[in-house]
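Enquirer: I'd like to ask you about the structure that follows.
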Amino acid sequence: MKFLKRIHLHPFIIGIFPVISLFAHNQSQLGPGAPLRSMAIILGGTAIVFGLLRWIFRDWTVAGFITSYASVLFFVYGPIKNVMPTENFHIASINLGTGAFFLPLWLLVLSFGIWLIVRKIPRSETSLLIFNCIALSTLILPLISITSYAISHHNASATTQTNTPTNTLVRQGSTALPDVYYIILDGHGRSDTIEREFGYDNSAFLEALRKQGFYVAACSTSNYSNTIMSMTSSLNMNYLSVLGKGFVAGNQDDSEAVNLIKNNAVRQYFHQLGYAFVSFQSDFPFLNFTNSNVYIPFSGQKSIQPFELLLIQQTPAIYINAIAKIAGDQFLPETMAKKERYNHTLFMLDELTRLPTSVQSPKFVYAHLIIPHVPYIFGPNGEFNGGENLPDVPGYPDQVQYIDSRIPKIVQEIISRSKTPPVIIIQGDHGFYETGGVQKRMPILNAYYFPGANSKKLLYPTITPVNTFRAVFNTYFNGQFDLLPDQNYYSPDKNDIYNVTFYQNQSIECHPK
């Protein structure tokens, strides 16, 4: 305990506490390295401020107390400002809900606190001990959360890895095995629901796919209403209630789903057949298969990451946007992050056309493209629209128009460059609007290219993703999988995703195109 009376730990601990806390609350959606850059910057900045204040006040204790106090105010700025009314909170006719008056108020509180520290706080070992102990205590809950998640993640991984598929698949005939492409267009709704909601008719896109030999499941729906649940089910060819015990209302731990995705049955079946697994780096860490046989990272310029943007929004650093806007929208941190996603999406689209010849066959390719999902960064002709936060109209239909114009050409390139006709699935993981209701969120794009097979006998208009690879394996690898009933599970509360409402597929309205 003696060192806690001598060493000024508290400025650094309080500085990194918001990072660790934010990571603990979002760790299932983040990679383990997400907070590292933020922590390094904050620790460096804290050291500079601490040293500068020591030079000003000629006292390490005062400098440390002021640094810690300033860190607290720095990171509570955003949360307090966000809960203050923007119209009705006035003092002496001054609206304190606007940034123009809230920032000076914040500076006034900061100044008053510094005056108290300099004039009133005793410079003693006891005071230092109290500050250090308080700082250390703030880390207890987030570290428990992180440790608990890591343990459950490890246990779920161990359990999942023992659930290796027991079915044995074999190639049919003596022909070469076809490559299999599983292309997810995140948030791509079904044609009839897009037209009903946005007034945009993309039937030309469906016709282009049909002319290429695709079967378009005109009344298809997603089994689940969000990405992590949908991909867990699709890649394991079953419903979550069968796959694990943790998918229950109130559970905030996604580790079981993450491990089922990472060790999914579809990948393991293809491994049995001698396929290489090819995947792309994703903006969703739970979809990053870094142990793929071929993992394709995006090497574009790394700017502000989503976690860092979230952290910035908690602080007065949000005014960086106002300063950067003077120089141009392209210098806004948020715009830079959107530009990176824009370039990443273009990179993946281009890379898909190279895979038939750049990676040896047979291969199973998983490409999860974050389009037409928000943010709306593509114009209808592919132009970058990330400098502003577009509304759903025209943002969503513009992105649908662009990606729909690219996919048929990419598919044609894949088919023409493949020695053996490939199997291609193009699918939405869910529809549009996170809280738009089952009629908007569940209908999806779902198209199948099954060369050499009678798709109309194998597939049907209401097929859902849980049956996608059951159909693939039955058709090409002598699989003996029964097709499951097509069911839908909608999560009305995005903060409690495993609290689902059950729907029969037929209960969701469809006007096939």
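Only the coordinates and a few stated rules stand behind these numbers; no lab work does. Remember, predicted model here, so these are calculated numbers, not experimental data. Quick reminder, even Gly has a Cβ in these numbers, built from the backbone with ideal geometry, and neighbours come from all protein chains shown.
Enquirer: Sequence-distant or interchain residues sharing an amide H contact under 5 Å with Ile296, placed H: which?
Expert: Amide H to amide H, under 5 Å and 5 or more residues apart or across chains, Ile296 pairs with Ser279, Phe280, Gln281.
Enquirer: Report the extension gain between Gln504 and Phe57 in nm, rounded to one decimal, defined as 0.36 nm multiplied by the number of residues separating them, less their alpha carbon distance. Please report the intermediate quantities before stating the final value.
Expert: Working: separation 447, 0.36 × 447 = 160.92 nm, distance 6.98 nm.
My answer for the length gained is 153.9 nm.
Enquirer: Report, for the chain, the % of DSSP beta bridges that are antiparallel, rounded to 5. All intermediate terms of the calculation are to be shown ahead of the outcome.
Expert: Working: 15 of 34 bridges.
Taking every DSSP beta bridge within the chain, about 45 percent pair in antiparallel fashion.
Enquirer: Let me ask you something else. Quick one: if the Förster radius is 35 Å, what FRET efficiency do Glu434 and Met39 give, using the C-beta to C-beta distance and rounding to 0.05?
Expert: Given R0 = 35 Å and the Cβ-Cβ separation, E is 0.70.
Enquirer: Still on this model: For the chain, return all DSSP H helices satisfying: extent of Cα atoms along own axis at least 15 Å; mean Kyte-Doolittle hydropathy at least 0.5.
Expert: Values: long enough: 10-26 (24 Å, 1.29); 36-57 (31 Å, 1.63); 60-83 (35 Å, 1.05); 99-119 (30 Å, 1.95); 125-138 (20 Å, 1.25); 140-161 (31 Å, 0.43); 333-358 (37 Å, -0.85); 392-417 (37 Å, -0.45).
Counting only whole DSSP H runs, the qualifying helices are 10-26, 36-57, 60-83, 99-119, 125-138.
Enquirer: Let me ask something else. If one computes the Cα centroid of the range 488-513 and of the range 1-41, what distance in Å separates the two points?
Expert: 39 Å
Enquirer: Under a crude label model (7 Å from the Cα following the beta-carbon direction), how far is Phe384 from Gln412 in nanometres?
Expert: 2.8 nm
Enquirer: Next question. For every other residue with a beta carbon closer than 14 angstrom to the beta carbon of Phe450, add +1 if it is Lys or Arg and -1 if Asp or Glu, then tell me the sum. Kindly include the intermediate steps, with their values, before the conclusion.
Expert: Values: positive: Arg210, Lys456, Lys457, Arg470; negative: Asp179.
Charge balance near Phe450 sits at +3.
Enquirer: In nm, what is the difference between 0.36 nm times the number of residues separating Gln268 and Glu125 and their Cα-Cα distance? Provide the component values of the computation, followed by the final result.
Expert: Details: separation 143, 0.36 × 143 = 51.48 nm, distance 6.00 nm.
Between Gln268 and Glu125, full extension yields an extra 45.5 nm.
Enquirer: Residues of the range 116-139 with backbone nitrogen within less than 19 Å of a virtual label 7 Å along the Cα-to-Cβ line of Lys5, please, listed as ranges.
Expert: What the label zone holds, given the 19 Å backbone N cut-off, is 122-136.
Enquirer: More than 30 Å apart: what percent of Cα pairs in the chain qualify? Please report the intermediate quantities before stating the final value.
Expert: Numbers: 72952 of 131328 pairs.
So the portion of pairs separated by more than 30 Å is 56 percent.
Enquirer: Quick check on my link table: of Lys262/Lys494; Lys339/Lys419; Lys262/Lys419; Lys409/Lys494, which ones sit more than 31 Å apart, alpha carbon to alpha carbon? Display every interim value, and only then the final one.
Expert: Working: Lys262/Lys494 23 Å; Lys339/Lys419 36 Å; Lys262/Lys419 29 Å; Lys409/Lys494 35 Å.
Violating the 31 Å Cα-Cα cut-off are Lys339/Lys419; Lys409/Lys494.
Enquirer: With the cut-off at 23 Å, tell me which of the pairs Lys5/Lys120; Lys211/Lys440; Lys440/Lys513 have Cα atoms farther apart than that. Could the numbers behind the result be given before it?
Expert: On the way: Lys5/Lys120 19 Å; Lys211/Lys440 27 Å; Lys440/Lys513 16 Å.
Listed pairs above 23 Å: Lys211/Lys440.
Enquirer: Another question, if that's okay. Measure out, as a whole number of angstrom, how far apart the alpha-carbon centroids of the range 335-354 and the range 401-415 sit.
Expert: Here the answer is 15 Å between Cα centres.
Enquirer: Quick check on packing: order 373-382, 46-55 by the mean number of other C-beta atoms within 10 Å, highest mean leading.
Expert: Numbers: 373-382: 19.1, 46-55: 15.7.
Result, highest mean first: 373-382, 46-55.
Enquirer: Taking 7 Å along the Cα-to-C-beta vector as the label spot, tell me the Thr290-Gln360 distance in nanometres, rounded to one decimal.
Expert: Those two pseudo-labels are separated by 2.6 nm.
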